[in-house]
Amino acid sequence: MKTHSTPYSLSVAALAAVLSGCGGAGTTTSSGLVPARDRTVVRDIARNRGPSWMSPDAARQSLLYASDADSGVVDVYTNYRSSRVKLVGQLTGFQAPYGECADRAGNVYVVDWSAENVAEYAHAGTARVRTISITGAPVGCSVDRRTGNLAIAVVYYANPQTHQGGVFVFKRARGTPILYQDPNLFHYWPAGYDPHGNLFVEADYPVPPKLDELPYHGHVLKEITLDATIDTSSSVMWDGTYLAVADQQFQGSNTLGIYRVSISGFTGKVISSTDYSDTCYLRSTYVVQPWIDGSALFGGNNFCKSRYGFWSYARGGKPQRLFPTSIAPLAGYGQTVSAP
């Protein structure tokens, strides 16, 4: 098994500028990218001891699953959109859980970046239903509600010969996957399906970030002509009306931004765009894989320890509410919502 450094996608220059404003200095990973926080922070090992657990009444409720890559756990919450948010379970035993997704039946898929696999759990379950091995370094997943197809994005090493990433698609989430790649792009970030079964993904290197589409019943990733510039690749998901295209350095800043995009053929028109700021670290936000749930956008701001909450979508601005630090992920990366 290869050893991967965690896939931070903030540029060296951008993060150095933020750190210099606070009198700090960034450290560079083996991939040449700068982490969002100082990786000398000690992991919250205590939270990763013991077996997975879940409250008995969790199975009857909608649950927010949030991965904590630093602690190697996935935290599970109820009442996640209110001040009554409650930690009702934890899934343990991961090396570095990253992205997540859920299907119509409530089954949850957890992408483990370092372990090179994806773990499937039933809604509110604590035992793995199965483990899907993945070639390369997986960072996120998405389930097509129309077909049940499971797409898993791999940032690199999906093709061991070229070290190129790509998107593996499992038909009905089973069997042998098909690997889709754009020959011009190497790094692939968490993909997302629209209601029609079209799959979208942001990818980059050596060229600037691009938005690609795998059409429903298509066989090739094709570039979308977008009337906006993505500064730093991030995730893509459907917000209920438009395609939400995230940018980790919105318009050259150090804040998360979301472009709401209408797709026609292979052309994308930006309907609106918003940045999502914070107050704990200048205005900076490092939300790797934001989750949109109606009028709320969830995520962990990894410029700050144990800072997890939600913003108004698509108004943006500062967080509307934060989870108590006692139950928030130490480093929240991906999240999904599972309904019973």
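The values are calculated or read from the model by the stated rules, or taken from the named source; none is laboratory data. Worth saying up front: this structure is predicted, and the values here are computed from it rather than measured. Neighbour counts run over all protein chains shown; Cβ positions are idealised from the backbone, glycine included. Accessible surface is based on the protein model in full, side chains and every heavy atom, while ligands, DNA and RNA are left aside. Shrake-Rupley method; radii C 1.70, N 1.55, O 1.52, S 1.80 Å.
Shape call for segment 108-250 from the C-alpha gyration tensor, a ≥ b ≥ c root eigenvalues: rounded (a/c under 1.5), prolate (a/b greater than b/c) or oblate? Prolate, because a/c is 1.5 or more and a/b exceeds b/c. Protein heavy-atom surface of segment 138-293, 1.4 angstrom probe: 51% of the accessible area is carbon and sulfur, with nucleic acids and ligands not counted. Computed over the chain with a Gaussian network model linking Cα atoms closer than 10 Å, the most mobile of 300, 218, 317 is 218.
Which residues make up the longest stretch of the chain that has no trypsin sites (Lys or Arg not before Pro) in a DSSP loop with at most 10 other Cβ atoms within 10 Å? That would be 85-340. Using the 1.4 Å probe convention, the accessible area of the chain works out to 40 Å² per residue with neighbouring protein chains retained. Counting only heavy atoms of the protein chains and using a 1.4 Å probe, residue 178 has close to 90 Å² of accessible surface. A 1.4 Å probe over all protein chains sorts 238, 53, 291 by accessible area into 53, 238, 291, starting with the largest. Can you tell me the FRET efficiency between residue 105 and residue 269 if r is taken as the Cβ-Cβ distance and R0 is 35 Å, rounded to the nearest 0.05? It comes to 0.55. Our helix-only sum for the chain, with -39,500 (n - 2.57) per DSSP H run of n ≥ 4 divided by its residues, gives a mean residue ellipticity at 222 nm of -1000 deg cm²/dmol. Taken along the Cα-to-beta-carbon direction at a fixed 7 Å, the label points for residue 228 and residue 128 span 3.7 nm. Here r is the Cβ-Cβ distance between residue 162 and residue 95 and R0 is 35 Å; the resulting FRET efficiency, rounded to 0.05, is 0.90. Counting charges near residue 62 (Lys, Arg +1; Asp, Glu -1) among other residues having Cβ under 13 Å from its Cβ returns a value of +1.
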